[in-house]
Amino acid sequence: MKTDKKKGQSRSKYLWLLLAGLMCVMCMGCAGRVKKITLADNLDKTALKIDEKSYTLKDLAFYVAYEEQIVQQQAMVYNSQDPNEYWNLHTNGNFVRVRAREEAMNLAIHDLIFYELAREEAVELSDEEEALAVSRADDFWMDLSDVSREKIGITKEDVTASVKKIALAEKYQEIYAILASKETADFHVDGDAYLTMRGEHEIKIIKKVWEGLSFGNVTL
(Lines give C-alpha, C1' and ligand atoms only; values in the text may rest on other atoms or scores of the structure.)
Protein backbone atom coordinates (compact mmCIF):
# COMPACT_ATOMS: atom_id res chain seq x y z
CA MET A 1 0.00 0.00 0.00
CA LYS A 2 2.81 2.40 0.89
CA THR A 3 4.52 1.61 -2.41
CA ASP A 4 1.33 2.39 -4.34
CA LYS A 5 0.94 5.62 -2.38
CA LYS A 6 4.50 6.64 -3.20
CA LYS A 7 3.92 5.82 -6.86
CA GLY A 8 0.78 7.95 -6.84
CA GLN A 9 2.61 10.86 -5.23
CA SER A 10 5.48 10.51 -7.71
CA ARG A 11 3.07 10.42 -10.66
CA SER A 12 1.21 13.45 -9.31
CA LYS A 13 4.46 15.37 -8.84
CA TYR A 14 5.51 14.48 -12.40
CA LEU A 15 2.19 15.71 -13.82
CA TRP A 16 2.49 18.99 -11.91
CA LEU A 17 6.03 19.51 -13.19
CA LEU A 18 4.89 18.73 -16.74
CA LEU A 19 2.00 21.17 -16.42
CA ALA A 20 4.31 23.88 -15.03
CA GLY A 21 6.71 23.32 -17.89
CA LEU A 22 3.92 23.63 -20.47
CA MET A 23 2.70 26.84 -18.85
CA CYS A 24 6.22 28.29 -18.97
CA VAL A 25 6.50 27.47 -22.67
CA MET A 26 3.10 29.07 -23.36
CA CYS A 27 4.06 32.20 -21.41
CA MET A 28 7.33 32.49 -23.29
CA GLY A 29 5.48 32.16 -26.57
CA CYS A 30 3.03 34.89 -25.62
CA ALA A 31 5.83 37.16 -24.46
CA GLY A 32 7.68 36.76 -27.75
CA ARG A 33 4.60 37.39 -29.87
CA VAL A 34 4.36 40.91 -31.35
CA LYS A 35 0.96 42.56 -31.17
CA LYS A 36 -0.47 43.32 -34.60
CA ILE A 37 -1.14 46.98 -35.33
CA THR A 38 -2.68 49.00 -38.14
CA LEU A 39 -0.56 51.49 -40.05
CA ALA A 40 -3.05 54.35 -40.20
CA ASP A 41 -3.61 54.34 -36.43
CA ASN A 42 0.07 54.25 -35.49
CA LEU A 43 1.79 56.67 -37.87
CA ASP A 44 3.35 58.59 -35.00
CA LYS A 45 5.10 55.50 -33.56
CA THR A 46 8.89 55.40 -33.91
CA ALA A 47 9.86 52.37 -35.99
CA LEU A 48 13.49 53.09 -36.87
CA LYS A 49 16.53 54.92 -35.54
CA ILE A 50 19.60 55.70 -37.62
CA ASP A 51 22.39 57.21 -35.56
CA GLU A 52 20.74 60.05 -33.62
CA LYS A 53 17.66 60.43 -35.83
CA SER A 54 14.31 58.69 -35.30
CA TYR A 55 11.78 57.80 -38.00
CA THR A 56 8.10 57.06 -37.52
CA LEU A 57 5.78 54.76 -39.41
CA LYS A 58 4.62 57.85 -41.28
CA ASP A 59 8.17 58.28 -42.59
CA LEU A 60 8.14 54.65 -43.74
CA ALA A 61 4.53 54.39 -44.94
CA PHE A 62 5.44 54.85 -48.62
CA TYR A 63 7.86 51.92 -48.46
CA VAL A 64 5.17 49.74 -46.89
CA ALA A 65 2.68 50.52 -49.65
CA TYR A 66 5.31 50.28 -52.40
CA GLU A 67 6.54 46.85 -51.32
CA GLU A 68 3.03 45.55 -50.86
CA GLN A 69 2.06 46.70 -54.35
CA ILE A 70 5.10 44.96 -55.88
CA VAL A 71 4.52 41.66 -54.09
CA GLN A 72 0.76 41.80 -54.68
CA GLN A 73 1.39 41.90 -58.44
CA GLN A 74 3.41 38.70 -58.08
CA ALA A 75 0.70 37.21 -55.87
CA MET A 76 -1.98 37.90 -58.47
CA VAL A 77 0.07 36.15 -61.14
CA TYR A 78 0.58 33.19 -58.78
CA ASN A 79 -3.10 32.89 -57.82
CA SER A 80 -5.49 35.68 -58.79
CA GLN A 81 -8.35 33.98 -56.90
CA ASP A 82 -6.44 33.78 -53.63
CA PRO A 83 -3.34 36.05 -53.56
CA ASN A 84 -2.88 35.28 -49.86
CA GLU A 85 -1.65 31.85 -50.89
CA TYR A 86 1.45 33.54 -52.33
CA TRP A 87 1.90 35.83 -49.34
CA ASN A 88 1.91 32.76 -47.09
CA LEU A 89 4.46 30.84 -49.12
CA HIS A 90 7.64 29.77 -47.33
CA THR A 91 10.61 30.03 -49.68
CA ASN A 92 14.35 30.39 -49.20
CA GLY A 93 13.96 29.98 -45.45
CA ASN A 94 11.38 32.72 -44.98
CA PHE A 95 7.74 33.55 -45.55
CA VAL A 96 6.99 35.92 -48.44
CA ARG A 97 5.25 38.41 -46.15
CA VAL A 98 8.21 38.46 -43.73
CA ARG A 99 10.69 38.92 -46.56
CA ALA A 100 8.57 41.78 -47.95
CA ARG A 101 8.71 43.53 -44.57
CA GLU A 102 12.48 43.12 -44.46
CA GLU A 103 12.93 44.43 -48.00
CA ALA A 104 10.76 47.47 -47.31
CA MET A 105 12.86 48.33 -44.27
CA ASN A 106 16.13 47.76 -46.12
CA LEU A 107 15.03 50.13 -48.90
CA ALA A 108 14.01 52.74 -46.35
CA ILE A 109 17.32 52.55 -44.49
CA HIS A 110 19.26 52.82 -47.76
CA ASP A 111 17.35 55.88 -48.95
CA LEU A 112 17.36 57.64 -45.59
CA ILE A 113 21.13 57.27 -45.26
CA PHE A 114 21.74 58.82 -48.66
CA TYR A 115 19.03 61.44 -48.19
CA GLU A 116 20.60 62.69 -44.97
CA LEU A 117 24.04 62.78 -46.62
CA ALA A 118 22.57 64.81 -49.48
CA ARG A 119 21.12 67.30 -47.03
CA GLU A 120 24.44 67.61 -45.22
CA GLU A 121 26.11 68.46 -48.53
CA ALA A 122 23.27 70.83 -49.51
CA VAL A 123 22.50 68.82 -52.65
CA GLU A 124 19.10 69.58 -54.16
CA LEU A 125 16.93 68.33 -57.00
CA SER A 126 16.86 70.32 -60.20
CA ASP A 127 13.49 71.56 -61.45
CA GLU A 128 13.38 68.71 -63.97
CA GLU A 129 14.29 66.11 -61.35
CA GLU A 130 11.64 67.42 -58.99
CA ALA A 131 9.00 67.42 -61.73
CA LEU A 132 9.86 63.81 -62.55
CA ALA A 133 9.55 62.85 -58.88
CA VAL A 134 6.14 64.53 -58.66
CA SER A 135 5.02 62.65 -61.78
CA ARG A 136 6.14 59.32 -60.30
CA ALA A 137 4.32 60.09 -57.06
CA ASP A 138 1.14 60.94 -58.99
CA ASP A 139 1.35 57.65 -60.89
CA PHE A 140 1.86 55.70 -57.68
CA TRP A 141 -1.08 57.40 -55.98
CA MET A 142 -3.34 56.77 -58.97
CA ASP A 143 -2.45 53.07 -58.92
CA LEU A 144 -3.57 52.72 -55.29
CA SER A 145 -7.12 51.53 -54.71
CA ASP A 146 -9.49 53.57 -52.54
CA VAL A 147 -9.04 50.96 -49.80
CA SER A 148 -5.25 51.24 -49.98
CA ARG A 149 -5.37 55.03 -49.84
CA GLU A 150 -7.47 54.83 -46.71
CA LYS A 151 -5.38 52.14 -45.04
CA ILE A 152 -2.00 53.77 -45.79
CA GLY A 153 -3.02 56.66 -43.56
CA ILE A 154 -1.02 59.34 -45.36
CA THR A 155 -2.02 61.87 -48.00
CA LYS A 156 -1.03 62.26 -51.63
CA GLU A 157 1.16 65.17 -50.53
CA ASP A 158 2.94 62.90 -48.06
CA VAL A 159 3.58 60.37 -50.83
CA THR A 160 4.97 63.12 -53.05
CA ALA A 161 7.30 64.29 -50.28
CA SER A 162 8.57 60.71 -49.80
CA VAL A 163 9.20 60.22 -53.51
CA LYS A 164 11.11 63.52 -53.65
CA LYS A 165 13.31 62.31 -50.79
CA ILE A 166 13.95 59.06 -52.65
CA ALA A 167 14.86 60.99 -55.80
CA LEU A 168 17.35 63.09 -53.82
CA ALA A 169 18.78 59.94 -52.23
CA GLU A 170 19.25 58.37 -55.67
CA LYS A 171 20.93 61.52 -56.93
CA TYR A 172 23.38 61.60 -54.06
CA GLN A 173 24.05 57.89 -54.41
CA GLU A 174 25.37 58.59 -57.91
CA ILE A 175 27.49 61.48 -56.63
CA TYR A 176 28.80 59.38 -53.75
CA ALA A 177 29.74 56.55 -56.09
CA ILE A 178 31.72 58.91 -58.30
CA LEU A 179 33.56 60.34 -55.29
CA ALA A 180 34.35 56.78 -54.15
CA SER A 181 35.52 55.78 -57.65
CA LYS A 182 32.91 53.03 -57.81
CA GLU A 183 29.87 52.12 -59.87
CA THR A 184 26.46 53.42 -58.75
CA ALA A 185 25.29 49.80 -58.52
CA ASP A 186 27.92 49.17 -55.83
CA PHE A 187 25.80 51.36 -53.57
CA HIS A 188 22.46 49.75 -54.34
CA VAL A 189 20.68 48.22 -51.34
CA ASP A 190 22.46 44.88 -51.85
CA GLY A 191 25.78 46.29 -53.04
CA ASP A 192 28.96 45.40 -51.14
CA ALA A 193 30.10 49.01 -50.92
CA TYR A 194 26.75 50.09 -49.52
CA LEU A 195 26.63 47.25 -46.99
CA THR A 196 30.06 48.33 -45.74
CA MET A 197 28.82 51.91 -45.57
CA ARG A 198 25.64 50.85 -43.76
CA GLY A 199 27.75 49.05 -41.17
CA GLU A 200 29.27 52.39 -40.21
CA HIS A 201 25.89 53.64 -38.98
CA GLU A 202 24.09 52.74 -35.78
CA ILE A 203 20.76 51.29 -36.89
CA LYS A 204 17.98 50.14 -34.59
CA ILE A 205 14.66 48.74 -35.82
CA ILE A 206 11.88 49.00 -33.23
CA LYS A 207 10.56 45.47 -33.66
CA LYS A 208 7.42 45.81 -31.53
CA VAL A 209 6.28 48.50 -33.97
CA TRP A 210 7.69 47.38 -37.31
CA GLU A 211 6.95 43.69 -36.88
CA GLY A 212 3.45 44.58 -35.74
CA LEU A 213 2.62 45.30 -39.39
CA SER A 214 1.31 42.20 -41.13
CA PHE A 215 2.60 42.67 -44.66
CA GLY A 216 0.10 41.60 -47.26
CA ASN A 217 -2.68 43.12 -45.16
CA VAL A 218 -1.37 46.58 -44.27
CA THR A 219 -2.59 48.59 -47.27
CA LEU A 220 -4.24 45.81 -49.28
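The values are calculated or read from the model by the stated rules, or taken from the named source; none is laboratory data. These numbers were taken from a predicted model, which means no experiment stands behind them. Ideal geometry is used to build each Cβ from the backbone, glycine not excepted, and the neighbour counts take in all protein chains shown. Accessible surface areas use protein heavy atoms only, side chains included; no ligands, DNA or RNA. Shrake-Rupley method; radii C 1.70, N 1.55, O 1.52, S 1.80 Å.
What the table shows:
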read-out: Separation of the N79 and E174 label points, Cα + 7 Å toward Cβ, nm; value: 4.2 nm
read-out: Spatial separation of Cα centroids for the stretch 82-115 and the stretch 125-148, in angstrom; value: 22 Å
read-out: C-alpha long axis of helix 2-32 to longest principal axis of the chain, angle in °; value: 10 degrees
read-out: Charge context of I166, other residues only, Cβ under 11 angstrom, K/R +1, D/E -1; value: +2
read-out: Value of D in µm² per second that Stokes-Einstein yields for the stretch 128-176, Kirkwood Rh from Cα pairs, at 25 °C (0.890 mPa s); value: 215 µm²/s
read-out: 222 nm mean residue ellipticity, helices alone, for the chain (DSSP H n ≥ 4; -39,500 (n - 2.57); rounded to 500); value: -21000 deg cm²/dmol
read-out: Around L144: net Lys/Arg minus Asp/Glu count, Cβ-Cβ under 12 Å; value: -3
read-out: Formal net charge of residues neighbouring K156 (Cβ-Cβ distance under 10 Å; K, R +1; D, E -1); value: -2
read-out: Surface/4 estimate of mean projected area, convex hull on alpha-carbon atoms of the chain, nm²; value: 18.4 nm²
read-out: Unit Cα scatterers, Debye sum, the stretch 121-214: log10 I(q)/I(0) for q = 0.11, 0.21 Å⁻¹; value: -0.48, -1.12
read-out: Over 21 Å (Cα to Cα) - which of K156/K207; K49/K182; K53/K164; K53/K165 fall in this group; value: K156/K207; K49/K182
read-out: 5 angstrom amide H check on T56, placed H, neighbours 5+ away; value: A47
read-out: Å² of accessible area per residue within the stretch 139-220, as computed with a 1.4 Å probe and no ligands counted; value: 57 Å²
read-out: Degrees, to the nearest 10: 96-120 long Cα axis against longest axis of the chain; value: 40 degrees
read-out: Taking the C-alpha atoms of the stretch 37-97, convex hull volume expressed per residue in Å³; value: 111 Å³
read-out: Inverse mean reciprocal Cα-Cα distance (Kirkwood Rh) of the stretch 95-172, Å; value: 13.7 Å
read-out: Stretch gain in nm, segment K204-N92, where the contour uses 0.36 nm per residue and the Cα spacing is subtracted; value: 37.8 nm
read-out: Accessible carbon and sulfur surface of the chain relative to its total accessible area, %, 1.4 Å; value: 53 percent
